[in-house]
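What follows is a set of notes on a single structure, which appears directly below.
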Amino acid sequence: MLEFHWQDLIFLLAAGFIGSFVDAAVGGGGLITLPAFMATGIPTPFALGSNKLASSIGAVTSFFTFARSGKVDRKILKMMPLSFLGSAAGACIASLLPEHLLRYIVVAALVGVALYTYHRKNWDGVNEMTEMTRSVVLGIAAMAWCLGMYDGFFGPGTGSFLIFGFLYFGYNFVTAAGNTKALNLASNLGGLLAFLLLGRVYLAYALPMGLVEILGARLGAKIAIKKGVGYIRTLYLVMTVLLIGKQVHDLFLK
């Protein structure tokens, strides 16, 4: 039986707002929210499942904010089932791994994604998609499936990887961010369904955190659409380093 602590909930609400704000703008908010769940001491499979519920609520808000602004390519909507199914498969794989092994994998992945984010300097796109060729369609389809599976298995950094992928395929930053919200929404829902069926979601923490993420996601999406995202990167990395430090301390120094 998981124990409920008010101080943990308050901590998660703050992390959820910041994480969803960052995620709506540049992706990768799970680098903040997942370690926050793990810092409460709940088992890693429950941290993954609970984070998936909270992030799914925020993802709905981000997607519709971008969609209403016309910043989502309608052709990308056809790729959403690939992300959904890939994520469900990834979540099932994660649920089969031993708790201790999964915790080491999560910490290692967190460090890897944080380093990638630090070294990736170009967060703005300058090109515009002009033609959806066959090779581009296949490339985006492969990206949707693979990153969907990654999102279900782990999650943090998925949004950032998707944005960089869409920038590579020729979209400008804001449309790349909007397309990312479509695929990220599908992968969140696919992973969430699997975790719910497996009973790996702690609703007492996940639901309140998800409601707070609506506010952060809405604000982050609006700022991303209007101003870009350069200044968010510093906050993103500072929060990530602090929370990774907490996980490393729990694993190796306790």
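Accessible surface comparison of Asp151, Asp73, probe 1.4 Å, protein chains only, largest first: the order is Asp73, Asp151. Take 19-25, 48-54 and order them by the average number of nearby Cβ atoms within 10 Å per residue, most first; the result is 19-25, 48-54. Summary of packing: across the peptides 182-193, 3-14, 210-221, the per-residue average of other C-beta atoms within 10 Å ranks them, highest first, as 182-193, 210-221, 3-14.
The residues neighbouring Leu2, those whose beta-carbon lies less than 13 Å from its own, together hold a net charge of -1 under the Lys/Arg +1, Asp/Glu -1 convention.
Within the shell of other residues whose beta carbon sits under 12 angstrom from the beta carbon of Met132, the net charge comes to +2, with Lys and Arg scored +1 and Asp and Glu -1.
The values are calculated or read from the model by the stated rules, or taken from the named source; none is laboratory data. All figures in this text were calculated on a predicted structure; none of them were measured in a lab. No Cβ is skipped: glycine too gets one built from the backbone with ideal geometry, and neighbour counts run over all protein chains shown. These area figures cover heavy atoms from the full protein model, side chains too; ligands, DNA and RNA do not enter into them. Shrake-Rupley method; radii C 1.70, N 1.55, O 1.52, S 1.80 Å.
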